[in-house]
Every structure is written in structure tokens, then in C-alpha cells.
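Here the structure is laid out as C-alpha cells; the discussion comes afterwards.
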Amino acid sequence: VYTTTVGLKSLYAKENKERIKIKDNLANISHQLKTPLTSIMIMIDTLLEEHVSKEKQKEYLNDIRIQIENINFLIIAMLKLSRFDANVVVFEKREIIVKDILRELKNINIHVSGKSDVAFDGDYKWECEAITNILKNGIEYSKDNGDIYVNYKDNGMYVSIDIIDCGDGISNEDMKHIFDRFYKKNNNSNNFGIGLSLAKEIIERDNGTIRVSSNNGTKFSIRYYK
């Protein structure tokens, strides 16, 4: 009876924690959607009610398109995170050649160093997304024409990937929350605070770890253990 009671109590606590997480996620996504939706409504009302020049119409329509793309990105990202929360994501494990992941990163100017045969076991599609999110974060917070470096190697115990940018770095306060969902560094309105959180979920699912340090730039250190 005692064992059953303890088990039921643990199950209830877990389910309650999941309910709270779902509630928080819904509240957060509602808040995140409010700003772009409000902007869209204001621009549409202006287009309908005022005499707007062709050039201004084009500008407003372009802004509306950008806001819709932001909403689409946010919804897709939240659906992915929800799948992780519900533990329904099935990873297709196979050998991943690190340089193959980096080839997927089109239109991103980075400096890469590492042997061509370095590999680890994981889900290729999800790992591409994780690495891309980290690189995009580095690009977003780097100075104009700044450099990003990716160094990878296999030391026998794990495969390491270090992603280093030459930006202004991260404050100690931001460092504490860097992987929290919806946390925005410096309240950057163009960043939903989802990419790094999703990257961490993916990497840990493939038996990896990710850490961040900052000193004259930011360094993300990823380890995939064998």
C-alpha cells in the first residue's frame, strides 16, 4: 500500500508539473503573438481608412508579410517544443558526419575547422536545426561583418563542437537564462527566445550537453558523448 501510495503521489506530481508547463507555454505564446497581431491590425486599418500612397502601401504590405512570417515561425517552433514536452518525438539515430551538418548552413558565413571524418550518433534533421539555431544566435548578436568560428573534433570520449562569435558577449544576468524559453537578451524584439531552448532540448536528447561562456564574444560548447 505504501509503495502504491508513493507511486501515485509521484505520478500526480509529474502530471501536475506538465499541466503547469502547458499552461505557462500557452500564456507565453499568447503574449508573443499579441505584438505582431496588433501591428498587423494597425497597418490594415491604416490601409483601409486612409489615403495611402502606392509606396506607403508597398511598405505596409511588406511589413505585414514580415509579421506573418514571424507568427508562422513562432507557431512552428512552439509545436516542436510541445512535442518534446509530450515526449512524442522519435529520434532516428544514425551516424552523423559533422561537416555534413555544416554544409546545410547556406548563406551563413562561418570559419570551420575539423577533420572530415569526425562523427557522432544522432538524428540528422534535428541536429541540423540545433546547430543552425546556435549559429543564427551568434550572427544576430555579432557586430557587422563579424566572424563566427566552428571548431570540432573527436577526443575518443566525445565529439565536441565549439561555436564562437566575436560579438559583445553576454552579461552574467543573461547567462543565467540563456536557454530559458521566451527569454530575450536585451529585450530584442526580433528574437522570440525559442531557438536556443529548442537547440538544448535536441542536443540533450542525443546524449549531448551544451554550455555557454562569454569573454570578448560568446562560445557555445557542445559535447556528444559516446
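The values are calculated or read from the model by the stated rules, or taken from the named source; none is laboratory data. What you see is a predicted model; the values in this text were computed from it and never measured. Reconstructed Cβ throughout: ideal geometry from the backbone, glycine too, with neighbour counts over all protein chains shown. Surface areas here come from the heavy atoms of the whole protein model, side chains and all, with no ligands, DNA or RNA. Shrake-Rupley method; radii C 1.70, N 1.55, O 1.52, S 1.80 Å.
Subtract the Cα-Cα distance of ILE68 and LYS176 from 0.36 nm times their separation in residues, and report this length gain in nm to one decimal.
Values: separation 108, 0.36 × 108 = 38.88 nm, distance 3.09 nm.
Residue separation times 0.36 nm, minus the Cα-Cα distance, leaves 35.8 nm.
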Next on the checklist: Which log10 I(q)/I(0) values does the chain give at q = 0.08, 0.16 Å⁻¹ under the Debye formula, counting every alpha carbon as one identical point scatterer?
Outcome noted: -0.39, -1.19
Checklist outcome for this item: With label points set 7 Å from each Cα along the Cα-to-Cβ direction at ARG83 and ASN151, the distance between them in nm comes to 3.5
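What are the semi-axes of the equivalent ellipsoid of the range 27-151, taken as the square roots of 5 times the eigenvalues of the Cα gyration tensor, listed largest first and rounded to whole Å? The partial results should precede the final answer.
Numbers: eigenvalues 283, 91, 24 Å².
Here the semi-axes work out to 38, 21, 11 Å.
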Checklist outcome for this item: Using alpha carbon centers only, the range 25-75 is separated from the range 203-223 by a whole-angstrom value of 35
Checklist entry - With the chain treated as a Gaussian network of Cα nodes joined by springs under 10 Å, which of ALA199, ALA119, ALA13 yields the largest mean-square fluctuation? => result ALA13
Checklist entry - How would you rank 55-66, 172-183, highest first, on the average number of other Cβ atoms within 10 Å across their residues? => result 172-183, 55-66
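Within the chain, which complete DSSP H helices have Cα atoms spanning at least 18 Å along the helix axis and a mean Kyte-Doolittle hydropathy of -0.5 or higher? If you can, show how the numbers build up before the last one.
Numbers: long enough: 2-49 (69 Å, -0.18); 54-85 (46 Å, -0.32); 124-140 (24 Å, -0.41).
Span-like helices here: 2-49, 54-85, 124-140.
Please quote Rg/Rh for the range 81-175 to two decimal places, taking the Kirkwood radius as Rh and restricting both calculations to Cα atoms. Please report the intermediate quantities before stating the final value.
Working: Rg = 14.9 Å, Rh = 14.9 Å.
Rounded to two decimals, Rg/Rh equals 1.00.
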Checklist entry - Highest mean first, what order results for 125-137, 38-50 on Cβ atoms within 10 Å? => result 125-137, 38-50
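Calculate, for the chain, the solvent-accessible area per residue in square angstrom, rolling a 1.4 angstrom probe over the heavy atoms of the protein chains.
On the way: 14390 Å² over 226 residues.
Heavy-atom accessible area per residue stands at 64 Å².
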Checklist outcome for this item: In nm, the gap between the two label points placed 7 Å beyond Cα toward Cβ at GLU50 and THR35 is 2.2
